[in-house]
Amino acid sequence: MPDSSIRDAYGQWASQYDRDENATRDLNAEVLREQSFLHPDDDVLEIGCGTGFNTQWLASCAGRVVAVDFSEAMLETARTRLEETDVALWRLDVTEPWPFDGGQFDCVVSTLVLEHVERLGPIFREARRVLRSGGRFYLSELHPYRQLGGAQANFDHEASGENVTIDAFTHPVSEFVNEGVGAGFTVREMGEWYGTNDDLPRLMTILFEK
Ligand SMILES: C[S@@+](CC[C@H](N)C(=O)[O-])C[C@H]1O[C@@H](n2cnc3c(N)ncnc32)[C@H](O)[C@@H]1O
């Protein structure tokens, strides 16, 4: 399926994304807030920011934040949420070359996005290129164990009543690590995270450093 079907599905989800029950979204937000990789003056690039569910928090504990997403509907919701902040919102498909000069960010943050991206190599290379030396790339993904068990991003569309399943790719843990290392990153830390009553890890996090 072409990427536009992923973008369109997120476009449909945008207006209800924040209201829907979503244990993965909530655990991801909780885990992100436990991390200590951000410093107060950091320039941060968030890719796949969606409704800005985590962007406001990033802005509250870092310096400049640029947040990108390829869904205009998601960005519209984020715009409303972030109107009181200095966050810059850009429309960008992160599988295309990124329109940023090299070495201008201290952190790249990607949460619950890369399951929708088939080829991870270009993402890691772009992330490394836009980071300063010593910069960090934090990613959080639905754990591949769960994907192998059949879990996939989906929602019940309020308007049509249909359940919409969003196209996704299962990347093994080794692929994330090897593509990151292949792009020139060092792995600093990995985490596997369970929600309440989960018998399998729900999330995998990796902190890379340039
Ligand atoms: C599950 S949401 C996650 C939103 C937010 N990061 C969070 O953690 O709540 C995935 C987001 O990634 C975006 N996305 C997926 N593929 C993308 C791509 N190729 N380029 C830019 N954004 C993309 C979707 O539009 C959607 O907003």
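The values are calculated or read from the model by the stated rules, or taken from the named source; none is laboratory data. These numbers were taken from a predicted model, which means no experiment stands behind them. In this analysis, Cβ positions are derived from the backbone assuming ideal geometry, glycine residues included, and neighbour counts consider all displayed protein chains.
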Review point. Which of the residues that make up the range 105-145 are within 14 Å of the ligand (Cβ to nearest atom) and of a type in the set (Lys, Arg)?
Key: Arg119
Exercise for review: Kindly indicate whether Val68 is in contact (Cβ under 8 Å) with a residue 24 or more places away in the chain, within 15 Å of the chain's Cα centre (by Cα) and within 10 Å of the ligand (Cβ to nearest atom).
Suggested key: yes
Exercise for review: Starting from the range 119-141, take each residue that is hydrophobic (A, V, I, L, M, F, W, C) and list its partners that are assigned to a helix (DSSP H, G or I) and modelled with pLDDT of 95 or more, counting only C-beta distances under 6 angstrom and pairs at least six apart or across chains.
Suggested key: Leu120/Glu179; Phe124/Glu179; Phe124/Gly180; Phe137/Ala127
Review point. Of these, Trp90, Trp57, which one is more than 28 Å from Ser5 (Cα to Cα), at pLDDT 95 or above and within 12 Å of the ligand (Cβ to nearest atom)?
Key: Trp57
**Study point:** Selection count where residues are within 12 Å of the ligand (Cβ to nearest atom), within 16 Å of the chain's Cα centre (by Cα) and surrounded by fewer than 16 Cβ atoms within 10 Å (Cβ to Cβ), scope the range 4-28
**Key:** 2
**Study point:** Residue satisfying all of: in the range 30-40; touching a residue at least 40 places away in the same chain (Cβ under 8 Å) and not β-branched (Val, Ile, Thr); farthest from the ligand (Cβ to nearest atom) among these
**Key:** His39
Exercise for review: Kindly list, by first and then second residue, each pair from a residue in the range 80-97 that is of a type in the set (Phe, Trp, Tyr) to a residue that is within 12 Å of the ligand (Cβ to nearest atom), limited to pairs with Cβ atoms under 6 Å and residues at least 6 apart or on different chains.
Suggested key: Trp90/Val68
Review point. Within the range 156-210, which residues are part of a helix (DSSP H, G or I) and touching a residue at least 12 places away in the same chain (Cβ under 8 Å)?
Key: Val173, Glu175, Phe176, Val177, Glu179, Gly180, Gly182
